[in-house]
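Any read-out appearing in this document is the output of simple, stated calculations on the displayed coordinates, not a laboratory observation. Remember, predicted model here, so these are calculated numbers, not experimental data. We place every Cβ from the backbone using ideal geometry, glycine too, and count neighbours over all the protein chains shown.
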Amino acid sequence: MTNIYNNGFLNSRKNNLKRLKKMNIGIPLCLMMLGFTGLMMLYSISGGEINEIVRSHFYRLIIGFLFFLFFSFISMKVLRIISFPIYFFLLLMLCYLYFYDISSVSRWISIADISFQPSEFLKFVLILILSSYYSFIGLNQSKKLRFNLTPIILILIPSFLILNQPDLGTAILIIITGFSAVFFSGLRLKWVILGSSVFLISIPVILTSLKPYQLQRLEVFLDPNKDPFGSGYHIIQSKIAIGSGGLTGKGLMSGTQSQLNFLPEKYNDFIMAVLLEETGLIGGLFVFSIFIYFITISIHTAMIARSRFCSIACGSIAVLIFLYFFINCAMIIGLIPIVGVPVPMLSYGGTAVISLCAAMGLVFNARRKRDIKLESFIDA
């Protein structure tokens, strides 16, 4: 009797462990580690004080995890349906900012005491609506150019509105992420090459439409010392912060560039420079490994997903996460001009947090239904 009880207990325990592995707890665990790292850096930048910025970011992280849970367990069929009204609702908000908001920089909408950036949400919602569209029309129709005209319009309209806010960084992310979904849908290679050629030809036109301060950023990108106390100040101070961090960093609340306010936008776009100064290369590799994990697990899920919707969505999410991290890191070390792209979970701000949590919730949902493990992909 005792042996039967023990065997039953052991089998039950083994089954629970298997279920735990299948749930891919690495995704929520990495989100929590990344969120904690962001709180730690904001606490350090604030001089060891739990001020309004730290408290606000903590509350936003909680909201982000609620979105993660929502997208982790929502029905994919329901998600495909609701993606269309959500997209058009966000598009109406962008139209409002374009036509009715007369401020010089119109990126935010305030309702009561809550402010949010519609363009930040649109990055993820665009992935949903494009994946839904392609799942509805099927693979054979996706290969034909005429069935891809609607997705191209869905990408270009918000990109134009966002570019005129002006927000070049977000517009770039939306265009690349959107067309990656078009590519993953199965569009014939000849149309991909043609579209890429048209984009390259249109670059001079895009440059002529840039604002004066954006053109100045391009000039300073080529030579930051041309305006060391103006447009080149950000990148010069960022490089000083990163270079002084070394392998292990100066320690929390000990970074000169952040604590002495030499580094602008230290709470937002340049928080990675602060992290590298205070925690060094080791801290940077820790954050880098988390984003690599997110990208890898998203690609793997796209490869083995049961539904076409999940496959396209997870592949596009991998591209979006890569762009977030790569553009920010390239920006702070001077490889590309400053375009204002945050690091989700680290940078202060709620919309980027919610977007990343929702995106990883969808990946988690796809893996939960598929019951697959990352190890099977690595060992293959």
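Structure notes:
- Neighbours of Ile242, meaning other residues whose beta-carbon lies under 12 angstrom from its beta-carbon, give a summed charge of 0 when Lys and Arg score +1 and Asp and Glu score -1.
- Summed side-chain charge close to Leu252 - residues other than Leu252 whose Cβ falls under 12 Å, Lys, Arg +1, Asp, Glu -1: -1
- Other residues whose C-beta falls under 14 angstrom from the C-beta of Met360 contribute a net charge of +3, scoring Lys and Arg +1 and Asp and Glu -1.
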